[in-house]
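One structure is given here, and the rest of the page talks about it.
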Amino acid sequence: MSSYPELRLLIGGSWRPGRAGQPVVNPADESTLGLLPHAGPADLADALAAAEAGLKVWRRTAPAERARIILRAAALLRERVDDAALAMTLEQGKPIGQSRLEVLRACDIIEWDANEGRRLYGRVIPAEPGMRHTVLREPIGVVAAFSPWNFPVSSPARKVAGALSAGCSIILKASEETPAGAVQLAQAFVDAGLPPGVLNLVFGDPAEISSFLIAQPAVRLVTFTGSVPVGKHLAELAGRHMKPAIMELGGHGPVIVCDDVDPEATAVASVLSKTRNAGQVCVAPTRFFVHDRIYDRFVAAAGARAAALRVGDGRDEATELGPLANPRRLAAMESLVADALARGARLVAGGERIGTKGYYFPLTVLADMPDDARAMNEEPFGPLMLIQRVRSLEEAIAKANALPFGLAAYAFTESAANVAALSDEVACGNLSINHFVASIAETPFGGVKDSGYGREGGTEGLTEYTVVKCVSHRTPVPRA
């Protein structure tokens, strides 16, 4: 496997250095991996001009040809999975096995969108003789996309694949903390023969880039994945310039565990799901509402499995839980755990930083969580498993719905009646029952309430990158 890749900007089909930027840090040992260039005003102007030129070519490229190029990019990324996974683990910290799965998941998304892009059908509306109403779906235009640090390949891939498959061009502002995944993704598209300017990649000052791009008349859609406060700010900017937006924001995943399931097996599955990306996932299962009859068994099994997890450098194949991505998350975990314990929570496993080098924090299981603990109300975005006792499904649903978040939710039950109640009453964009997969390539993904609006993935996600045009055409009516 190769070393960490060179970091550059992609503008108009060419890689360029940009201006002096910032170091990229390995969270496992706090060493510097490389220096990331930042885009200046001239770079951003060039990227916008390139995207406008690329759009003129790409929107008039046949859907079958677009699909061929996009699928080729996915195939190249699959061939390079080991290099991409290693770079991701180095810069983000997740175990290498999880990194490989993320790259392959990105390829699945790209491939699904590429093929679905050939099926962006319009329709003909029945009308009177001599009149035809045709509904067309057209590319919305230049897309400004902003992706987060926690999924350096799959999150950018979802935005790039959706935009390109719909016939749009895109300017991607990827994370400055985990940039290599986006660089490798973009390189695959360049090598696949994507026309210059259709995909542009920039890094830099987030506020400077977002304020510049969103205000430009040529930019017709804003898509963002990240925190609720930043999402609200970008949504405000987009609204000010009458731009539609896709906002995939934070969550605080509730997990409802009914009394008709195996508590030990469910607890173990919960712990293993919580290790994904060290809990730094917007859809992470976090607030566990467990029925009183199985509560103690669930807590004991969760604590035992969490305590047995192997924590270490993500490059070790045996590692189950890698470091947190940055010192901000480490400080947040320490603060949230201290607050919960001060308010009466019971520490079952974990709770303290591991070592002094690298950002290691164990999966921490807290039982008997009080409602007013900060961690129960703020998205922890880390390896915290918060457990509360409930005495009915109605109580669990009420607690699940109590926060302003509504992204992913989970439930475990063998009762059809419970499934019906959960499906009808849990306020979320994605509900998973008896498993922890919030979305796949062919299903729509997104939130309600403060967790955002718009959808990524599935047919619904692809149509977000289109506009609807109705053409009404009157022709002479044949005379008898």
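Compute the long axis of helix 41-58 from its Cα atoms, compare it with the longest principal axis of the Cα atoms of the chain, and write down the angle in degrees, 0 to 90, nearest 10. For helix 41-58, the angle is close to 60 degrees.
Candidate cross-link partners of Lys469 among the lysines, defined by an alpha-carbon separation under 22 Å and a same-chain spacing of 8 or more, comprise Lys56, Lys243. Using the Cβ of Gly141 as centre and a radius below 12 Å, the other residues enclosed give a net charge of +2, where K and R count +1 and D and E count -1.
Remark: the Asp29-Leu71 segment gains 11.5 nm on full extension, using 0.36 nm per residue and subtracting the alpha carbon distance.
Let me make sure I get this right: for the stretch 285-390, a, b and c are the square roots of the gyration tensor eigenvalues over alpha carbons, sorted descending. Under 1.5 in a/c it's rounded, otherwise prolate if a/b > b/c, else oblate. Which is it? In terms of gyration-tensor shape, oblate.
Distances between placed amide hydrogens fall under 5 Å for Gly34 paired with Val24, all partners being 5 or more residues away or on another chain.
Computed FRET efficiency, Cβ-Cβ of Ser3 and Arg310, R0 41 Å: what is it to the nearest 0.05?
E(calc), rounded to 0.05, equals 0.95.
Computed from backbone phi with θ = phi - 60° and the Karplus coefficients 6.51, -1.76 and 1.60, the 3J(HN,Hα) list for the stretch 3-9 is 7, 4, x, 5, 9, 9, 9 Hz; x is used for glycine and proline.
Under 5 Å from the amide H of Ser175 lie the amide H atoms of Ser147, each residue being 5 or more positions distant or on a separate chain, with H modelled from the backbone and absent for Pro and chain starts. Rounded to the nearest 0.05, what FRET efficiency do Glu442 and Arg346 give with R0 = 30 Å and r taken as the Cβ-Cβ distance? Could you check? Given R0 = 30 Å and the Cβ-Cβ separation, E is 0.15. Counting only DSSP beta bridges with both residues in the stretch 253-433, the antiparallel share comes to about 10 percent. Between the helical axis of 228-240 and the longest alpha-carbon principal axis of the chain there is an angle of about 20 degrees. For the stretch 261-273, 3J(HN,Hα) computed residue by residue from phi via the Karplus equation (6.51, -1.76, 1.60; θ = phi - 60°) reads 10, 6, x, 5, 5, 5, 5, 5, 4, 5, 4, 5, 5 Hz, glycine and proline entered as x. When the Cα positions of Ser175, Ala345, Ser99 are compared along the charge dipole of the chain, Ser175 comes out farthest toward the positive end, with charges on each C-beta of Lys, Arg, Asp and Glu. Expressed per residue, the C-alpha convex hull volume of the stretch 13-99 stands at 119 Å³.
In the stretch 392-471, the C-alpha radius of gyration followed by the widest Cα-Cα span (Dmax) gives 14.9, 54 angstrom. Partner lysines whose Cα lies under 22 Å from the Cα of Lys399, excluding those fewer than 8 positions away in the same chain, are identified as Lys274, Lys449. Spin-label pair Lys232-Ala218: with each label point 7 Å from Cα along the Cα-Cβ axis, the two points sit 3.3 nm from one another. Run the simple label-point estimate for Arg328 and Val57 please: 7 Å along Cα→C-beta, distance reported in nm. Going by the 7 Å Cα→Cβ label model, 3.6 nm.
Structure shown: which of Lys94/Lys357; Lys173/Lys232; Lys94/Lys232 lie over 19 Å apart, alpha-carbon to alpha-carbon? Write out the running numbers ahead of the final one.
On the way: Lys94/Lys357 16 Å; Lys173/Lys232 17 Å; Lys94/Lys232 28 Å.
Distance filter (> 19 Å) returns Lys94/Lys232.
Here the simple spin-label model places points 7 Å from the Cα toward Cβ, and for Asp368 and Ala64 these points are separated by 6.8 nm.
Compared with the direct C-alpha span, the chain from Arg119 to Arg16 gains 33.5 nm at full extension, assuming 0.36 nm per residue.
Amide H contacts of Thr286: Gly253, Val255, each under 5 Å away and 5 or more positions distant or on a separate chain (H built 1.01 Å from N in the peptide plane; Pro and chain starts excluded).
Within the chain, DSSP assigns beta bridges of which about 40% are antiparallel (rounded to the nearest 5). Taking every DSSP helix (H) stretch of at least 4 residues in the chain, weighting each as -39,500 (n - 2.57) and dividing the sum by the residue count yields a mean residue ellipticity at 222 nm of -12000 deg cm²/dmol.
Taken together, the values in this text are just the output of simple stated rules run on the coordinates, not laboratory data. Computed from a predicted structure; not experimentally measured. Note: ideal-geometry Cβ built from the backbone for every residue, glycine included; neighbour counts use all protein chains shown.
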